[in-house]
Each structure stands twice: as C-alpha cells, then as structure tokens.
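Undergrad: First the structure, then my questions, so here it is.
The values are calculated or read from the model by the stated rules, or taken from the named source; none is laboratory data. The structure displayed is predicted, hence computed values, not measured ones. Here the Cβ positions follow ideal geometry from the backbone for every residue, glycine too, while neighbour counts run over all protein chains shown. Heads up: the accessible areas ignore ligands, DNA and RNA and are worked out on the full protein's heavy atoms, side chains in. Shrake-Rupley method; radii C 1.70, N 1.55, O 1.52, S 1.80 Å.
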Amino acid sequence: MNKKIYIGPAGWAYKDWEGVVYPRKPGPKFDPLEYLARFFNTIEINSSFYRPFTESTAKSWVGRVSSARDFMFTAKLHRVFTHERGKATADDEKQVREGMDLLRGAGKLGALLLQFPWSFKNTDDERVYLAKLLERFRDYPLVLEIRHSSWNNPQIYEWLEEVSVGVCNVDQPLFAKSIKPADLTTSQIGYVRLHGRNYQDWFREKAPRDDRYNYLYSMDELEPWITRIKEIAAKTKESYVITNNHFRGQAVVNALEIKATLAEERVAGPAPLFQKYPELKESAVPEHENIEGEPMLFS
C-alpha cells in the first residue's frame, strides 16, 4: 500500500469498545492508543473538538505511539471556532495552539480539521468569517470540512487551492442540500471522512451521539470510496482516510477493510473484533496470527 495513505478511526476512548475492539478486562497497563497504533497509521483526535488538549497531553500521546514510526495524528479544531462562531477569544486560540504546537513540533500533526456543521452555508458573512479563520490558523496544515451543498462551487475550491487549504470529502446521509461524495483535492493533503449513513438519527435533535454514528458500511458501499481514495492519493502528497462511524467499533472494522483492499492482502486486526464481526475475516486476521501469504478473499 502506498505509504502516502493514512487510514484509521476517529478517536480511541469509547466505553462501548471494551470487549469489542479492546479486551474486556485489559488490565491497568493496557493503553488503547498504543494498541490501535499497532494496526493503523493515523487516528483523528476528536476530543479536541470539545476541549483543547494541553502540551503535556500531546507529549504523552506522541510517546505512546512512538513504536509506530510512520504514525500521524490529525485533530479537529475546537468547536468554539466552527460551531459557536463569534465567541472565540484570544485565550481560546492560545489553548488550542499549546497542544497543536507540540504535535506539530514532534512531526506528528498531519492535518488540523476545521469541521463546520450543515447549517454553515455559503453566504457573504460566512465567507468573510471563514477567510479570517483560515488566516488565523494558516501556520498549520489545514483541511476544511463543509457539509452544505452551497459550498460546492468551483470558485470556492479555487480559493482554497490558492490559500493551500485542503478539502474534506465526506460520506454522510444525503439530504437535499448535503455535500455529495467526491474526490476533491485543493492542497497537498487529501482527506476523507466516513460518517455512516444513519438517516433516521442524523438530524434528530435529541439523538445521542452514538446513535448518529451507528452504521456499518458494506464492502459494496466502500468500493466507490476505495476508488476515490486512490484518485485523491494520486493528486496529493499524503491523504488521510478517517472512519467516524465509531459505535461498537464499526469504524475499526471499516478502516481495516479499506486498508486491506488498498493493500490487496489481509491485514492484522484486534482479536476481540472478530467475535462481534466474523465477516471481518474476509479481509483481516486476528493479531498474532500468521498473515504472510494469505490471499484476499475478495477482489
């Protein structure tokens, strides 16, 4: 597999992964981050969306993945800049930069993701806001995720290319004004995020977070994305593929399937996962089992 492609899930601290992705009783020395870094070369930090992480936290994360030499993090920008627009202070920026600068200085920050909600639409005021935000954080490798179709405009993509900001290609439940799947690139960083297709709960106001991301992609659904990922990788220096359908470890299943398909060989995966998802054996084998010479069971 081309090493320019980084594949992994969004986040690693999920209670419902115990006994599914992680051992049911892992013991006090078990480290979920170090464990996942055995199987994936990236993880998207999603806790940074809710609160900035500190320099000491970032330093700990870097140390915990040190055995995975090619591992890279991506991280989401704090929501005060994207979902609570106009409320961010200089102190908010200072807190964000503290942890991000440590990751960047360690050579472990692949991208800073600016994820905007579907309600963020292409208007004069929002374009001005976005331009100022991109300028504010221009010293980081930026990727923009926009979900409303009003942004699907050649002039917008040309502008992003001019300011060297990548665009995130998303898979999400498609409604009338939703951005559709694509293989767009506007910088040397390619980015794909697979959110799942849970139409019932995506816009349900009181739906818990886990319900929104409760979805397992079939291989038939992943295949068009495999093609797009190859196209994106061909046009960029490095590309990140993030599975965000995290409920009950489904993001890990689909990330392994994508990794195996691109590598054209079976890959190792967390052993507990195969009890919950036996179909995963078509593209992966439990850790510690011999996978050398194992053919793919699908094409």
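Undergrad: Considering only DSSP states other than H, G, I, E and B, which chymotrypsin sites (Phe, Trp or Tyr not before Pro) in segment 51-124 qualify as loop sites with at most 11 other Cβ atoms within 10 Å?
TA: Details: sites: Phe53, Trp61, Phe71, Phe73, Phe81, Trp118, Phe120; in loops: Phe53, Phe71, Trp118, Phe120.
Those that pass, being in a loop and sparsely packed, number zero.
Undergrad: Rounded if a/c is under 1.5, else prolate if a/b is larger than b/c, else oblate: which is the chain, with a ≥ b ≥ c the root eigenvalues of its Cα gyration tensor?
TA: Numbers: a/c = 1.58, a/b = 1.36, b/c = 1.16.
Judged from the Cα gyration tensor, the chain comes out prolate (a/c at least 1.5, a/b above b/c).
Undergrad: Assign one of three labels to segment 38-136, namely rounded, prolate or oblate, based on the Cα gyration tensor with a ≥ b ≥ c the square roots of its eigenvalues; rounded applies when a/c is under 1.5, prolate when it is not and a/b is larger than b/c, and oblate otherwise. List each step's numbers first, then the result.
TA: Working: a/c = 2.60, a/b = 1.90, b/c = 1.37.
Prolate, because a/c is 1.5 or more and a/b exceeds b/c.
Undergrad: Gaussian network model of the chain, Cα springs within a sub-10 Å range: biggest mean-square fluctuation belongs to which of Gly86, Gly107, Gly190?
TA: The residue that fluctuates most here is Gly86.
Undergrad: Counting only heavy atoms of protein chains, what accessible area per residue, in Å², does the chain have with a probe of 1.4 Å?
TA: On the way: 13920 Å² over 299 residues.
Here the per-residue accessible area is 47 Å².
Undergrad: Further, regarding this structure: Sequence-distant or interchain residues sharing an amide H contact under 5 Å with Glu265, placed H: which?
TA: none
Undergrad: Now for a different question. Quick one: which residues, 5+ away or cross-chain, put their amide H under 5 Å from the amide H of Gly110? H built at 1.01 Å from N.
TA: So Gly110 has HN proximity to Phe73, Thr74.
Undergrad: Would you work out the charge dipole size for the chain about its Cα centre, treating the Cβ of every Lys and Arg as +1 and the Cβ of every Asp and Glu as -1, and quote it to the nearest 20 debye? Intermediate results must be reported in sequence, preceding the final value.
TA: Details: 42 positive and 42 negative charges, 132 e Å.
The calculated dipole for the chain is roughly 640 debye.
Undergrad: Using θ = phi - 60° and the Karplus relation 6.51 cos²θ - 1.76 cosθ + 1.60, list the HN-Hα couplings for segment 225-231 in order, rounded to whole Hz, with x at every Gly or Pro.
TA: Values, residue by residue: 6, 4, 4, 5, 4, 4, 5 Hz.
Undergrad: Stretch Glu161-Lys25 to full length: gain in nm at 0.36 nm per residue minus the Cα-Cα span? Each step should come with its number before you reach the end.
TA: On the way: separation 136, 0.36 × 136 = 48.96 nm, distance 4.79 nm.
So the extension gain works out to 44.2 nm.
Undergrad: Here is a follow-up. Going by amide H atoms built from the backbone, whose H comes under 5 Å of the H on Ser178, apart from near neighbours?
TA: Correct list: Ser149.
Undergrad: Taking θ as phi - 60°, what are the ³J(HN,Hα) couplings along segment 55-72 by the Karplus curve (6.51, -1.76, 1.60), each to the nearest whole Hz, with x for Gly and Pro?
TA: 4, 5, 5, 4, 4, 5, 4, 4, x, 6, 10, 4, 6, 9, 4, 8, 6, 9
Undergrad: Roughly what % of Cα-Cα distances in segment 123-273 sit above 23 Å, to the whole percent?
TA: Details: 4797 of 11325 pairs.
For segment 123-273, the share of Cα pairs beyond 23 Å comes to 42 percent.
Undergrad: Take the chain, mark every one of the GluC sites (Glu not before Pro) that falls in a DSSP loop and has at most 13 other Cβ within 10 Å, then report the longest stretch left between them, sites excluded. All intermediate terms of the calculation are to be shown ahead of the outcome.
TA: Numbers: sites that count: Glu84, Glu205, Glu264, Glu289, Glu292.
Longest run free of exposed loop sites: 85-204.
Undergrad: Suppose we take every Cα in segment 128-187 and form the convex hull; what volume per residue is that in Å³? Don't skip to the end; give the middle numbers.
TA: On the way: hull volume 5.1 nm³, N = 60.
Looking at segment 128-187, the number lands at 85 Å³ per residue.
Undergrad: In addition: Tell me which of Ala271, Gly105, Pro224 sits at the most positive position along the dipole axis of the chain, charges placed on C-beta atoms (Lys, Arg +1; Asp, Glu -1).
TA: The one lying farthest along the dipole's positive direction is Gly105.
Undergrad: Quick one: check the C-alpha center-to-center distance for segment 50-78 versus segment 254-280, whole angstrom.
TA: Result: 24 Å between the Cα centres.
Undergrad: Return the carbon/sulfur percentage of the accessible area of segment 104-207, one whole number, probe 1.4 Å, all protein chains in place.
TA: Details: 2300 of 4780 Å².
Exposed carbon and sulfur together represent 48 percent of the surface.
Undergrad: Of the chymotrypsin sites (Phe, Trp or Tyr not before Pro) in segment 121-186, which ones lie in a loop per DSSP and count no more than 15 other C-beta atoms within 10 Å?
TA: On the way: sites: Tyr129, Phe137, Trp151, Tyr157, Trp159, Phe175; in loops: Phe137, Phe175.
Within segment 121-186, the qualifying chymotrypsin sites (Phe, Trp or Tyr not before Pro) (loop, at most 15 other Cβ atoms within 10 Å) are Phe175.
Undergrad: Can you work out ³J(HN,Hα) from phi for every residue in segment 132-148, in order, using Karplus 6.51 cos²θ - 1.76 cosθ + 1.60 and θ = phi - 60°, giving whole Hz and x for Gly and Pro?
TA: Once θ is set to phi - 60°, the couplings for segment 132-148 become 5, 5, 5, 5, 4, 10, 5, 7, 9, x, 8, 9, 10, 10, 10, 10, 8 Hz.
Undergrad: Just flag the trypsin sites (Lys or Arg not before Pro) in segment 1-110 sitting in loop per DSSP whose Cβ has no more than 12 other Cβ atoms within 10 Å.
TA: Numbers: sites: Lys3, Lys4, Lys15, Arg24, Lys29, Arg38, Lys59, Arg64, Arg69, Lys76, Arg79, Arg85, Lys87, Lys94, Arg97, Arg104, Lys108; in loops: Lys3, Lys4, Arg24, Lys29, Arg38, Arg69, Arg85, Lys87, Lys108.
Listed in order of number, the matching sites are Lys3, Arg24, Lys29, Arg69, Lys87.
Undergrad: Using a 1.4 angstrom probe on heavy atoms only, work out the carbon and sulfur share of the accessible area of segment 1-76 in %. Write out the running numbers ahead of the final one.
TA: Numbers: 1850 of 3650 Å².
Roughly 51 percent, rounded to a whole number.
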